[in-house]
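Comments concern the structure below.
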Amino acid sequence: MTSEFVTRVSIQQAVLELTEGDITRQTVDAIVNAANSSLLGGGGVDGAIHRAAGPQLLAATRVLGGCQTGDAKLTPGFNLPARYVIHTVGPVYHPDDETIPQLLASAHRRSLELAAEHQLESVAFPAISTGAYGYPVEAAAPIALKVVYSFLQRESSLKLVRFVLFGGPALAVFQRALHDLTQQHTDIRRL
Ligand code: ADP
C-alpha cells in the first residue's frame, strides 16, 4: 500500500519536492517571496526575507513600482544564499470570490515564468497567501502543486521546484496534496 504522504517526485525532466524549514536558508537560484503589492516589506515570510537579504533588498524593490496581485517581479538576493528573490503577491483569501483561486494560481505561474525567463534551474516557494492573507493551506496546496505540474509539462530551464513549509502541519497538508496529484497523473513518478 502506498503512503498517503508524498515528498519528492519527478515531472518530465524536473524534481518537485516538499520540505519543512526556513525559506531564507535555501541555496537555490531563486526563492519566492509572498510579498504585498507595495513591495516595501511586511511581516511573515516577507519580513524574514528582507531581514536575511539586508537593506539593499528594500532599495531594489522600492524602484519596481509595486506588483499587482497574481504577478511577480525579480530582484537580486543580496545577502541571501539564493541568487534572486522573485516577489509575488498572492490574493487575500475570500471564500465566496471565485477569482481568488485563479489569482493564487497566477502568482505561482508568473513566478515560474520569471524563473524560466532568467534561465534559472532551482526555485523555492513558501505557502503563498496561507499566513496573514488567510488562505486555508488545505485549499492552497492543491492549487500551488497543480500549477507547478502544468508548468513542468513544457520545456524550461527549471530542474528543481521546492516548497518550503513552515511547520510540520503545513508540510503534511502539502504531502497529502502531492499524493492526490500523483494519483491523478501517471507521468508523475515518486522518488
Ligand atoms: P501571506 O501574506 O501571503 O499570507 P505570510 O508571510 O503571512 O504571507 O505567510 C505565508 C506562509 O509563509 C505562511 O504559511 C507562513 O507560515 C510561512 N512562513 C513564514 N515565515 C517563513 C519562513 N521564514 N520560511 C518559510 N515559510 C515561512
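Over the range 7-190, Cα pairs under 8 Å with separation of 6+ residues give a relative contact order of 30 percent. The alpha-carbon atoms of the range 7-190, seen along their principal axes, cover 45, 37, 28 angstrom, with the largest extent given first.
Would you look at the GNM of the chain, springs on alpha carbons closer than 10 Å, and say which of GLU117, GLU98, GLU20 moves the most? Largest GNM mean-square fluctuation: GLU98.
Shown are LEU191, LEU40, whose ranking by accessible area with a 1.4 Å probe and every protein chain present, most to least, is LEU191, LEU40. Phi-derived couplings, Karplus 6.51 cos²θ - 1.76 cosθ + 1.60 at θ = phi - 60°, listed residue by residue for the range 171-183: 4, 4, 5, 5, 5, 5, 5, 5, 4, 4, 5, 5, 5 Hz, with x used for Gly and Pro. The calculated P(r) of the range 121-191, using every Cα pair and 5 Å bins from 0, goes 3, 15, 27, 27, 18, 8, 2, 0 in percent. Simple rule: put +1 on each Lys or Arg Cβ and -1 on each Asp or Glu Cβ in the chain, find the dipole, and look at SER10, LEU160, PRO76; the Cα lying farthest toward the positive end is PRO76. Using a Gaussian network model of the chain in which every pair of alpha carbons under 10 angstrom is joined by a spring, one finds that among VAL164, VAL63, VAL137 the greatest mean-square fluctuation is at VAL63. With the charge dipole of the chain set up from +1 on Lys and Arg Cβ and -1 on Asp and Glu Cβ about the Cα centre, the Cα lying farthest toward the positive end among the listed residues GLY54, TYR135, SER38 is that of GLY54.
Placing unit charges on the Cβ atoms only, positive for Lys and Arg and negative for Asp and Glu, gives the range 7-190 a dipole magnitude near 420 debye about its Cα centre.
Of all the options PRO126, PRO142, PRO95, the one that moves most in a Gaussian network model of the chain with Cα springs shorter than 10 angstrom is PRO95. Report, for the range 7-190, the % of DSSP beta bridges that are antiparallel, rounded to 5. In the range 7-190, DSSP labels about 40 percent of beta bridges as antiparallel.
The values are calculated or read from the model by the stated rules, or taken from the named source; none is laboratory data. Quantities reported herein were computed from a predicted structural model and do not represent experimental measurements. Reconstructed Cβ throughout: ideal geometry from the backbone, glycine too, with neighbour counts over all protein chains shown. Side chains included, ligands, DNA and RNA excluded: accessible areas come from the protein's heavy atoms. Shrake-Rupley method; radii C 1.70, N 1.55, O 1.52, S 1.80 Å.
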